[in-house]
Amino acid sequence: MNYPNAPIREAVFDIRVDRLNIKQTEDLAAFKDLVKDNFPTEKKRHNVSGLIQFSTDKPIESAAHSDLTGYLFISEDQTRQLQVRIDGITLNILKPYENWETHFDQFLRMWEIYKKMFSPNNVIRIASRFINKIEIPIPFSDFQEFILNMPPIPNCLPQTFATFFMQIQVPCNDGYRNAIITETIEPYTDSKLPFILDIDVFQELNVQNSTESIVANFDEIRKVKNEIFESCITEATRNLFT
C-alpha cells in the first residue's frame, strides 16, 4: 500500500558480489565520472584493522592498518548516497522518499553501470532495508492500539516501557529470503513517541548475475517487506500516514 505520508526514514538497496575483475581498488574511482551530476561529492571508504601485542618483557605494542574498500558518492543535498565497493554496490535514500519504482530504477541503472565496468563474477546477496519512524500520538493506553508485535511484559510489572530493543531474524516461507526485524523507541516529546520499525529483507540463494534475476528477486523482496510492515501495524497506525 502506498501512503501519502509514509514513515520511511531511510531506504536501502544493496547487491553484494564475490569478486570484481579489476587490478586495484582505485579503479572504482572511475565510477565518479558517470554519476557526478547526481552525486558530486566523493569520499573514500576504508576498512581499518588493528593489532595489539602483549609481552611480559616488552611494552604493549599496537599497530593499525587501513585498506581502501571503495568510494562513497553523495548528492548535493546529502539525502542520497551511493556506495561503490569491491564487494558490491549500495544506494541509501534519506528523506524525502518518493516511491519504490523511482529509487529502485535509479539503483538498477547504477548496478548496470557497475556490472559493465567491473565485471563481477557472481552475485552472492541482495537486500532491501526500510527504516520506519512511526510517531505514535501521546497519550495512549496500550501499544497494541498501534503496534501488534510488541514484546510481552510480565504481569507482575507495570505494562509500560521505559526503553526496549528487539531484533529477530526469520526465514521466509519461500525458502529463499530472510527477514531481520528490529524494533525500538526513541525519546518521546510532549505529543509523540517515535517508534522505529526496521525491516531488512535479504536473499542469498537463487540469485543470478542478470538483470532479469535481479529485478524478479527484488520484486519478491518488496512483497515480503510490505507484508511484514502491514502485519506489524494497526488501522490506527495506517491513519497516521494518510
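The values are calculated or read from the model by the stated rules, or taken from the named source; none is laboratory data. Every value quoted in this text rests on a predicted model; they were computed, and no experiment measured them. Backbone-built Cβ (ideal geometry, glycine too); neighbour counts: all protein chains shown.
Structure notes:
- Exclusive hit being outside any helix (DSSP H, G or I), surrounded by 20 or more Cβ atoms within 10 Å (Cβ to Cβ), modelled with pLDDT under 95 and aliphatic (A, V, I, L, M), set 207, 201: 207
- When each of 196, 228 is tested for being more than 20 Å from residue 124 (Cβ to Cβ), of a type in the set (Val, Ile, Thr) and in a helix (DSSP H, G or I), the lone residue that passes is 228.
- Every residue from region 99-126 that is hydrophobic (A, V, I, L, M, F, W, C) and either part of a helix (DSSP H, G or I) or closer than 28 Å to residue 235 by Cα (or both): 100, 104, 107, 108, 110, 111, 113, 117, 118
- A count restricted to region 172-198 and to residues that are surrounded by 13 or more Cβ atoms within 10 Å (Cβ to Cβ) and without any contact (Cβ under 8 Å) to a residue 60 or more places away in the chain stands at 15.
- Cβ pairs under 9 Å, 6+ apart, first in region 100-115 and in contact (Cβ under 8 Å) with a residue 60 or more places away in the chain and more than 17 Å from residue 18 (Cα to Cα), second among the hydroxyl-bearing types (Ser, Thr, Tyr) and part of a helix (DSSP H, G or I): 108/211
- From the list 58, 43, the one residue that fits, being over 28 Å from residue 222 (Cα atoms) and either within 22 Å of the chain's Cα centre (by Cα) or at pLDDT 95 or above (or both), is 43.
- Verdict on residue 211 being among the polar types (S, T, N, Q) and farther than 30 Å from residue 114 by Cα: no
Let's see how each residue does on (1) surrounded by fewer than 22 Cβ atoms within 10 Å (Cβ to Cβ); (2) under 16 Å from the mean Cα position of the chain (by Cα):
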{"site": "84", "(1), (2)": "no, yes"}
{"site": "89", "(1), (2)": "no, yes"}
{"site": "94", "(1), (2)": "yes, yes"}
{"site": "124", "(1), (2)": "yes, no"}
{"site": "129", "(1), (2)": "yes, yes"}
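- Contact map, region 21-47: residues that are over 16 Å from residue 120 (Cα atoms) and touching a residue at least 60 places away in the same chain (Cβ under 8 Å) paired with residues that are outside any helix (DSSP H, G or I) and not hydroxyl-bearing (Ser, Thr, Tyr), Cβ distance under 6 Å, separation 6+ or inter-chain. Pairs shown: 35/73.
- Considering each residue of region 134-152 in turn, at least one proves to be modelled with pLDDT of 95 or more and touching a Pro at 6+ places or on another chain (Cβ under 7 Å).
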